[in-house]
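**Q** Structure incoming, see below.
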Amino acid sequence: MEQLLARPEMQSAVVPFAVALLAYLVLRKVTATAWLWALLSAFLISAALINGLTISPLTGTRKIILLVIASLFTAALLHWVLSSHNLQRRFTTIICQVAILWVFWTVLGRMNSASMVLFLAGTISLVLMLEWLFVRVVDEPAQLHGAGFSLLLGVGLAATAAASALLGQLALALAAASGGAFLGWVLTGDAQGKQTRQPVAALPYVMAPALLGVAAVIFARLPWYALIPLAAIPLAVGLVPKKAESRFLRALLASLPGLAIALGVAFYIWQTGSSGSGY
Amino acid sequence: MKKLMIVAALATLPMKAVIGADYTVDPGHTYVSFAINHLGFSTMRGKFNEQSGSLQFDPAAKKAAVMIEIDATSIDTGHAKRDAHLQSPDFLNAVENPTITFTSTSVTWNGNKPATVTGDLTLLGVSKPVTLTITSMNCGPNPFNKKETCGFDATGSIKRTDYGVTYGAPGIGEVLDLQIEFEAVKN
């Protein structure tokens, strides 16, 4: 069993997918934020399998793990505390930028002023773009999960191709968890209530790809411009008509454009970038 | 009062344990290399191209101290893609931890020559004691520039998983054999 769980495909695909699917099916009758708790339980298990339970020394990657977990908790709980949609949106933007500064603080300290300005301008633009695009689709579960799943898959595959299996595995684990919860929604429909449709629900889908994508640029060899088409995934998904009859068809239509972009970017990086294997 | 002022003035001076003559590591004649088992098939070798350091050395008093800093981004295995991967968070996380350091804590002697050097190797922010065996050591004037020079060859090994470098283990070996050759020039 230990050997089986040590395999990357188990840690980053099978386990998070199965845990998230099961958790969604169990929790959907209990809470409207079942998909967030499903993602949280799946990511906790995957992160423990990939990284272990240690957080010392507190590297950038471990900070990302803690922040993704915190973002899932916050998204599941904050709507009770902060009812204003405007405040939720501002909170999402600010907290994601603060998270980026915390993760990359040591690297920022060694940058010259021009690089620092470029880094800050780039990350602020990325967070604003993701937040704005995800809030546009947060109302529609098929589009929200289709965009989140595709974006995380794209970031995971691109990070792996850009020479960091660790960052890639974390993004892929979250993508698999998202896919599991998404399938749960396709099979059974919405969890009770409307709380999941508040803007803060998009927080994990903004924070996780932003942190993991920027980390793959800074810590590995992902070209910064690869983040542009990846960040456009929620835009492409948002263009898909929402009126399809069946949940399966809505899920399929909402996933295809994002998957096409994600796979295209990953293939480009694989062909041109520094691949982490094959030598 | 005067004594107190002298003590206070001395306390403000930078303190340094005087061990012996000061030497500076010559990067042009220093090689930090490693070997690791690759999936049970063969031994893969690599080296670091940038390093610096200092040595305090007094063989008469049998005292020595060495500090070597290695630039983790200078890793070179003769394969650019592999080097990029080795610098990533999977292995050295070189952007976040650009420096690997070895600072000696004790030295054993065989006659008037050092036999082993034990020190703290700091890698990825984790410090662990490592003992290096000195296989060759010579001091004397460099015949070209006449400067007093000491040269050392040393070997040792570390378990990379002790430093949190777990990627690919145990297929890619856990034990890393180190070989360090360096020359240091008297200041």
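**Q** Do we find that A:Arg250 is over 19 Å from A:Gly148 (Cα atoms) and out of contact with any Cys (no Cβ under 9 Å at 6 or more places or on another chain) in this structure? If you could, list the steps in order and put the result at the bottom.
**A** Details: over 19 Å from A:Gly148 (Cα atoms): no; out of contact with any Cys (no Cβ under 9 Å at 6 or more places or on another chain): yes.
No; evaluated as a whole, the condition is false for this residue.
**Q** For region A:127-140, name all the residues that are free of Cβ contacts under 8 Å to residues at least 60 places away in the same chain and part of a helix (DSSP H, G or I).
**A** A:Leu128, A:Trp132, listed by residue number.
**Q** Continuing with the same structure: Given the conditions (1) without any contact (Cβ under 8 Å) to a residue 12 or more places away in the chain; (2) farther than 21 Å from A:Leu203 by Cα, and given that A:Leu120 satisfies all but one, which numbered condition is not satisfied?
**A** Status for A:Leu120: all satisfied but (2).
**Q** Considering every residue within region A:174-190, establish whether at least one is surrounded by fewer than 24 Cβ atoms within 10 Å (Cβ to Cβ) and not in a helix (DSSP H, G or I).
**A** Checking region A:174-190: at least one residue is surrounded by fewer than 24 Cβ atoms within 10 Å (Cβ to Cβ) and not in a helix (DSSP H, G or I).
**Q** In region A:46-69, is there at least one residue being touching an Asp or Glu at 6+ places or on another chain (Cβ under 8 Å) and charged (D, E, K, R)?
**A** no
**Q** Still on this model: If A:Ala202 satisfies every condition in (1) away from chain B (no Cβ under 14 Å); (2) modelled with pLDDT of 95 or more; (3) surrounded by 24 or more Cβ atoms within 10 Å (Cβ to Cβ) but one, which is the exception?
**A** Unmet for A:Ala202, out of (1) away from chain B (no Cβ under 14 Å); (2) modelled with pLDDT of 95 or more; (3) surrounded by 24 or more Cβ atoms within 10 Å (Cβ to Cβ): (2).
**Q** Give me the pairs: first residue in region B:38-51 and over 13 Å from B:Leu178 (Cα atoms), second residue acidic (Asp, Glu) and surrounded by 14 or more Cβ atoms within 10 Å (Cβ to Cβ), beta-carbon distance under 6 Å, and six or more apart or on different chains, which are they?
**A** Filtered contacts from region B:38-51: B:Asn49/B:Asp76; B:Glu50/B:Asp71.
**Q** Further question on the same structure: Based on what the data block shows, is B:Ala64 more than 30 Å from A:Met111 (Cβ to Cβ), surrounded by 17 or more Cβ atoms within 10 Å (Cβ to Cβ) and modelled with pLDDT under 95?
**A** Yes, satisfied.
**Q** Checking A:Phe219 against (1) among the aromatic types (Phe, Trp, Tyr); (2) within 14 Å of chain B (Cβ to nearest Cβ); (3) surrounded by fewer than 24 Cβ atoms within 10 Å (Cβ to Cβ), which single condition isn't satisfied?
**A** Condition (3) is where A:Phe219 drops out.
**Q** Name the helices (runs of 4 or more DSSP H) wholly inside region A:29-110 in which the number of residues that are away from chain B (no Cβ under 14 Å) is 1 or more.
**A** Where helices (runs of 4 or more DSSP H) fall fully within region A:29-110 and carry at least 1 residues being away from chain B (no Cβ under 14 Å), they are A:34-51, A:60-81, A:85-103.
**Q** Test of understanding: among A:Gly238, A:Gly276, which residue is at pLDDT below 95, surrounded by 19 or more Cβ atoms within 10 Å (Cβ to Cβ) and within 14 Å of chain B (Cβ to nearest Cβ)?
**A** Numbers: A:Gly238 fails: within 14 Å of chain B (Cβ to nearest Cβ).
Exactly one residue qualifies, and that residue is A:Gly276.
**Q** Applying the selection to region A:1-46, what residues are under 20 Å from A:Gly154 (Cβ atoms) and of a type in the set (S, T, N, Q)?
**A** If the condition is that a residue be under 20 Å from A:Gly154 (Cβ atoms) and of a type in the set (S, T, N, Q), then A:Gln11, A:Ser12, A:Ser46 are the ones that fit.
The values are calculated or read from the model by the stated rules, or taken from the named source; none is laboratory data. Predicted model, so just to flag it, every value in this text is computed and none were measured. Reconstructed Cβ throughout: ideal geometry from the backbone, glycine too, with neighbour counts over all protein chains shown.
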